[in-house]
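Written below as structure tokens is the structure these notes are about.
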Amino acid sequence: MGSAVVEIVRVRGDETESIGRAAYEHPLIVRLCHWVNAIALFVMVGSGLQIFRAFPSFGAKIPQHDLLHWPKAFAIGGWLGGALQWHLTFMWIYMATGLIYLGYQLFSGNYRQVMFTHRDIPGAWPVVKHYFFRGPKPELGEAYNSLQKQAYTTVIILGVLSVLTGLAIWKPVQFSWLAWLMGGFHWARLWHFIVMWVMLGFVFGHLVMVILHGWNNFASMLTGWKKDPEY
Amino acid sequence: MDTDEVNPKSGSEKMAEHKADRKQIRERKLSALSRRELLKLTPVLALGAFAVPRFQKSLLKKGLGISDWVSARMFRTGHLAPTFGDSDVTRFEKFPINDYDVDDPGVILENWSLAVSGLVKKPGEYTLDQVQVLPLVRQNTRHVCVEGWDVIGRFGGARLSDFLSVIGADSTARFVSVKCADDYYESLDMATALHPQTLLCYEMYDRPLTREHGAPLRLNVPTKIGYKQAKYLTDLKVTNVLEKVGYWEDQGYSSFYGL
């Protein structure tokens with residue numbers, strides 16, 4: 001389901017010249033949620049890594065075997081207490097944008113533009129061939145190809161998991177069932193960490209694709225309007 | 001979105017024929033529209049307030065305050081922290097000793113007593129015997145450090161709620177605060193103080209508390225983070241007003257930090 005495409009015209013006197021096409025792809029609420037959430041995610045990752053620095057391990061405290069030394073320069077908060085303040089403040093912003101986004105997508109039906117379903121499976125392989133094996137570019141009849149939908153759907157699920165695993169660490173008693181589901185507090189902490197890295201993997205791929213696909217794509221998340229869409 | 005309907009006769013015939021059903025928008029109108037849509041994103045810049053040193057501290061304090069407020073409301077008095085079988089308990093030697101100053105503040109155990117004050121009917125000095133006559137509760141519960149590590153320990157002691165009845169504490173008061181032999185101090189909200197798993201703990205692993213673990217008396221609160229489990233208690237006060245919340249809380253940690 002693609003957005004309605006309009007013709008961009010330049011008018012000179014009686015002459016009307018078509019100079020391209022445009023589609024309004026991203027409603028304001030989606031764009032607001034995208035950018036606020038991007039900032040919140042940045043703060044959550046930065047402060048989360050500072051929290052991790054306090055005990056950079058997933059094993060026993062005695063003896064302690066550190067998993068990795070994350071440099072302080074790439075962390076937010078300066079110390080454990082500061083990082084917790086950032087983390088426990090921005091988690092509300094992170095969750096709020098996530099909930100508003102999900103609520104809007106569900107009620108507006110806009111989720112159909114993004115959600116990966118079984119109908120997208122056949123289209124996945126040609127896109128993989130195009131991206132990784134120099135295959136021909138498949139025709140696109142909608143805003144996103146099946147791999148994009150797969151990526152965006154996965155990251156939404158990861159976002160939900162990041163909140164649930166975080167809740168299990170923050171409140172392992174009140175949400176003891178949640179911590180139990182994840183294998184206990186200890187494991188929930190590890191899941192929270194893994195979910196973060198997978199999300200960072202998405203962010204990396206997302207940024208690479210935005211750079212490769214040029215300005216129009218980036219601008220559409222700012223103005224809502226995508227110039228010269230493929231469909 | 002608003003689009004301009006352009007006279008269908010203008011433009012090349014071919015184009016009109018090909019895209020007769022397609023709406024059109026003037027180039028200028030689209031730029032104006034795009035600019036307006038971009039401006040609508042300016043509320044995002046409000047987050048920049050967090051980067052301003054003057055606002056940062058109070059904004060983060062407010063954020064942490066919201067988290068504490070929500071935490072207090074999430075706390076359920078009847079909900080017990082998970083307990084574990086004896087085989088799940090971390091070996092005693094592997095139970096970390098954390099303190100802010102010294103492992104052993106040199107409490108003279110023979111002379112020790114707990115000074116009770118505040119909103120209680122029977123203030124004064126209480127001996128360890130007066131705590132130990134209360135029913136002994138033993139529990140294997142998880143100790144979670146704010147740093148991220150956790151151990152399962154075996155704790156034994158009297159319910160703080162039992163002790164609070166002995167001293168005739170006003171249970172409508174808001175806080176129970178404690179002071180320690182090493183100048184550490186802590187506080188609990190009354191709901192947590194009355195929780196059945198909150199102990200005035202005098203034994204670990206079925207043996208009297210060692211000096212490093214807080215002899216002769218410490219807090220064991222399985223519904224709270226590690227830094228609330230104060231050791232080497234010397235004073236206990238029931239109060240509505242906290243001058244200070246706790247050693248770490250006053251450095252910027254969460255005041256409530258319920259698990």
Go over the candidates A:A179, A:A188, A:A219, A:A168 one by one and state the one that is within 12 Å of chain B (Cβ to nearest Cβ), of a type in the set (A, V, I, L, M, F, W, C) and more than 30 Å from B:R76 (Cα to Cα). A:A219
Reported set for the range A:48-77 where residues are among the small types (G, A, S), part of a loop (DSSP other than H, G, I, E, B) and facing chain B (nearest Cβ under 10 Å) is A:S57, A:G59, A:A60, A:G77
All-but-one check, A:L41 against (1) facing another protein chain (nearest Cβ under 7 Å); (2) more than 24 Å from B:G226 (Cα to Cα); (3) not acidic (D, E), failing number (1)
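Among B:G157, B:G168, which is the only one that is closer than 30 Å to A:A188 by Cα and among the small types (G, A, S)?
B:G157
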Checking the condition of a type in the set (V, I, T) and modelled with pLDDT of 95 or more, which residue from B:T210, B:T223 passes? B:T223
Lone unmet requirement of (1) at pLDDT below 95; (2) among the polar types (S, T, N, Q); (3) in contact with a strand residue (DSSP E or B) (Cβ under 8 Å, 6 or more places away or on another chain) for B:S71: (1)
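Looking at B:E186, B:E243, which one is in contact (Cβ under 8 Å) with a residue 60 or more places away in the chain, acidic (D, E) and more than 14 Å from chain A (Cβ to nearest Cβ)?
Answer to the selection: B:E186.
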Take A:L212 and tell me if it is surrounded by fewer than 19 Cβ atoms within 10 Å (Cβ to Cβ) and modelled with pLDDT of 95 or more. no
Give the number of residues within the range B:225-259 that are among the polar types (S, T, N, Q), assigned to a loop (DSSP other than H, G, I, E, B) and farther than 18 Å from B:D104 by Cα. 3
Give the range B:62-94 a look and list any residue that's of a type in the set (F, W, Y) and at the interface with chain A (Cβ under 8 Å from one of its Cβ atoms), or say none. B:F75
Looking at the range B:62-82, which of its residues are basic (K, R) and closer than 18 Å to B:V245 by Cα? B:K62
Out of (1) in contact (Cβ under 8 Å) with a residue 40 or more places away in the chain; (2) more than 25 Å from A:Q174 (Cα to Cα); (3) in a loop (DSSP other than H, G, I, E, B), what's the single condition that is false for B:A173? (2)
Taking the range A:6-38 on its own, how many of its residues are surrounded by 15 or more Cβ atoms within 10 Å (Cβ to Cβ), at the interface with another protein chain (Cβ under 7 Å from one of its Cβ atoms) and not in a helix (DSSP H, G or I)? 9
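The values are calculated or read from the model by the stated rules, or taken from the named source; none is laboratory data. Predicted model, so just to flag it, every value in this text is computed and none were measured. Here Cβ is always computed from backbone atoms with ideal geometry, including for glycine, and neighbour counts include all displayed protein chains.
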